[in-house]
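Bear in mind that the values in this text are calculations on the coordinates, not laboratory data. Owing to the predicted nature of the structure, the values given are computational and were not obtained by experimental measurement. Cβ sites come from the backbone with ideal geometry, for glycine too, and all protein chains shown count toward neighbours.
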């Protein structure tokens, strides 16, 4: 089993849109993948379960995978959670820049 701890850095947490993207990415792998928060495990290929994990900004979770492509799955999903946070920062910067350009 491959495990990696992640920290949710995007402002809205793992809400509907990034959760859906996370699930799509998880389904691309043949391994069984879970999100673990505290003592609870949530299937990474179920949008309902990922949303039930209720991962908010600053919280940590563990991505676990078992199967033929487990290492690649964990690596990709951990990268994806970081990308969500980077998208948040970029969109805030775009908003600020747009406001400044209006003056």
Q | Output for the range 30-43, where each listed residue is under 15 Å from residue 71 (Cα atoms) and in contact with a strand residue (DSSP E or B) (Cβ under 7 Å, 6 or more places away or on another chain) | A | 31, 32, 33, 34, 35
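Part of a helix (DSSP H, G or I) and at negative phi, is that true of residue 22?
yes
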**Q.** Counted residues, the range 8-19 - those being surrounded by 14 or more Cβ atoms within 10 Å (Cβ to Cβ) and on the phi < 0 side of the Ramachandran plot
**A.** 8
Q. When the range 53-75 is examined, which residues are found to be surrounded by fewer than 20 Cβ atoms within 10 Å (Cβ to Cβ) and closer than 20 Å to residue 15 by Cβ?
A. 54, 56, 57, 58, 59, 60, 62
Q: Take the range 9-19 and flag every residue that is under 15 Å from residue 63 (Cα atoms) and part of a helix (DSSP H, G or I).
A: 19
(Q) Please pick out the residue among 23, 50 that is surrounded by 15 or more Cβ atoms within 10 Å (Cβ to Cβ), more than 13 Å from residue 6 (Cβ to Cβ) and under 11 Å from the mean Cα position of the chain (by Cα). (A) 23
(Q) Conditions first: (1) under 20 Å from residue 16 (Cβ atoms); (2) in contact with a strand residue (DSSP E or B) (Cβ under 6 Å, 6 or more places away or on another chain). Residue 78 passes all but one, so which condition is the exception? (A) (1)
